[in-house]
Structure formats: C-alpha cells, structure tokens
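The structure appears right after this line, and notes come after that.
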Amino acid sequence: MNQFVFCPTCASKLLEEERGGAMRMVCPDATCGFVHWNNPIPVVGAIVEHPEGIVLVQSIGWPAHFFGLVTGFLEQIETPAEAALREIKEEIGLSGELGEFVGFYPFRRMNQIIMVYHVKVEGEVTLDREELADFRIVPIDKVRPWKAGTGYALMEWLNKRGYEPEFIELS
Ligand SMILES: [Zn+2]
C-alpha cells in the first residue's frame, strides 16, 4: 500500500531499487533524484475523558462493534497538541482541556506513528456525521483496549491509573 507509480516531482515512471538498506520506489531521472522513502505518517490521537467515561468513536465504514480513539492528521501549521484539541472539537463538538502526553505508538498497517494525548472534556457530544457513524462513552472501569496502535496507548494509560482490563479481540 501507499506506493507511488509515477514520480510526484517529474512524472517519470518510478523503478524499484535498493536505497538505504531497503527496496524503495526511485525516480530514474538523475536530475530529479526523487526517492519514495515511505516514512511513517504522523497522526495525533486522544484519550478523551468525559465525567461519564472515555469517549470512543466509530468512523463511517468500520465494523459495528469497533470503536476507537479520536484521531486525525496534523495541519501544516499545528503542534501535535493543537491538532489533538482541534480533532476533538471537530469530531465530537467539545472543547478539550489538554492533559498529559501519553506516548508514541506505531500503527504499522497504516504506516503511521500516532502521538497520543490525554484530554478532558465535559458536556454533550455532537458527532461529526460526515466522518463518524457513532460514539460511546464507556465508564473507565469498563473500557477494553484493542491490540493495535491506539489500543496500546489506552491500555498503558489505564494501567497507570490502576485499571487492568483485558484486550478485546477484534477481527
Ligand atoms: Zn522524478
């Protein structure tokens, strides 16, 4: 996934060649020199804590039983923390209060590195119906993380607070 066929700089057809110890898609035009390194894409995520529990969201098209953290891409002008607060505002309509930085979590299937924050919110959720299908507020002692990207962030955050849930098996 995530492979270019043509050079995004000069439109030559890319070739697969070894660069820096791995096979990469490389521009054959020596004056161009483009290499598709396929570095992970930074993404922000938020463990959104509401007085009633953790707010989990379901993107449109996800299986009905799958809910995850609020996540999104950074805009060019933003810090990761600003991006996390903006995504919460956009996706669930609430202004967040930034808590701790939880950590960096690789999400290899999507070639992303997710920077996760803890953010507190209050009030009524208004869902962004263009992106999201549904949401849940799960009491903190009932939340069960999943074995992928942001799920590990949620597990570590819960463990630090003395909760020891089991991972949920998603397929
Ligand atoms: Zn090129």
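A compact table of results
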| item | result |
| --- | --- |
| Most fluctuating residue given options Leu14, Leu127, Leu94, as computed from a GNM of the chain linking Cα atoms under 10 Å | Leu14 |
| Degrees separating the helix 149-160 axis from the principal Cα axis of the chain, which is the longest one | 40 |
| Debye equation applied to the C-alpha atoms of the chain, log10 I(q)/I(0) at 0.10, 0.11, 0.18, 0.19 Å⁻¹ | -0.47, -0.55, -1.08, -1.16 |
| Net length gained if the chain between Met23 and Lys142 were fully extended (0.36 nm per residue, minus Cα distance) | 38.4 nm |
| Pair Asn39, Glu131: separation of 7 Å Cα→Cβ label points (nm) | 2.4 |
| Footprinting exposure proxy for Trp37, Trp146 (fewest neighbouring C-beta atoms within 10 Å first) | Trp37, Trp146 |
| Qualifying trypsin sites (Lys or Arg not before Pro) in region 111-171, DSSP loop, other Cβ atoms within 10 Å at most 13 | Arg129, Lys142, Lys147, Arg161 |
| Nearest-ten-degree value, helix 80-92 long axis tilted from longest Cα axis of the chain | 60 |
| Length released on extending from Ala11 to Ile168, taking residue separation times 0.36 nm less the Cα-Cα span | 52.0 nm |
| Evaluated at q = 0.22, 0.24 Å⁻¹: base-10 log I(q)/I(0), Debye formula over Cα of region 77-171 | -1.47, -1.54 |
| Reachable lysines from Lys120, criterion Cα separation under 29 angstrom, eight or more residues apart if same chain | Lys89, Lys142, Lys147, Lys160 |
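None of the figures in this text is laboratory data; all of them are computed from the coordinates on show. Values in this document were obtained by computation on a predicted structure and should not be read as measured data. Here the Cβ is made from the backbone with ideal geometry for all residues, glycine too, and neighbour counts use every protein chain on show.
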